[in-house]
């Protein structure tokens, strides 16, 4: 996997670079602000370039530390939809996440997830491969109970666990490993979750994530 990194904190930037390198991946560039990221993307995503598979970018970077990274990520993703984009943040901001998830090959993780190295690298690889990886706390924010006739209230505790993992981008085998149950058991839970939420089943992992997130945001139209 070939990676571009944009993070203004020097120690974290260098730590991310070393983490990817130690995992056998190639870091093409590691920069400190969104402007440099855009320039690096032009160099490594242009015709004939040694193309990056994944861009890892902090949401807030110089000069204003608001949403420079998120805006740069959106610009790059729209110009190069085949490139994975993994956004890192210290805070939950579902606005940025929801604007980019529909493009596919997108992840949104809180920065402390980097400490779980293997899980982080697995999420990064999933995004580079065109899948999704959403932080459990982001998913949790989307799953905040809503009043009156909320379909989420129909789910059992185990089904809610499965739904949370689905929305993070995990496939059935990965969910089975996380919950220490059989794949057949997970298949049954997934089927019940989608049935109770009025969503069509799909073998496409990204489409399944989109369907679940769309429902959690109250924007699903019945198939």
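Each value in this text was obtained by applying a stated rule to the coordinates, not by laboratory testing. Everything numeric here is computed off the predicted structure, so don't read it as measured data. With ideal geometry, Cβ positions are generated from the backbone for all residues, glycine too; neighbour counts draw on all protein chains shown.
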Practice prompt. Please compute the Cα-Cα pair-distance distribution of region 2-135 with 10 Å bins starting at 0, giving whole percents from short to long.
Written response: 14, 51, 33, 2
Fill in: Calculated FRET efficiency for the pair residue 181/residue 82, C-beta based, R₀ 35 Å, to 0.05
0.55
Practice prompt. Along Cα→Cβ, 7 Å out, is where each label goes; now give me the distance between the ones at residue 191 and residue 92 in nm to one decimal.
Written response: 3.2
Item to complete: For region 1-70, count all C-alpha to C-alpha pairs, find those more than 19 Å apart, and express that count as a whole percent of the total.
Response: 30
Response to the item:
For residue 51 and residue 10, extending 7 Å from Cα along the Cα-Cβ vector and measuring point to point gives, in nm, a value of 3.5
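Order the peptides 50-61, 178-189 from the highest to the lowest mean number of other Cβ atoms within 10 Å of their residues. All intermediate terms of the calculation are to be shown ahead of the outcome.
Working: 50-61: 22.9, 178-189: 14.7.
Order by mean packing, descending: 50-61, 178-189.
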Worksheet item: Under the definition of Cα pairs under 8 Å and six or more residues apart, what whole-number percent is the relative contact order of region 2-135?
Response: 20
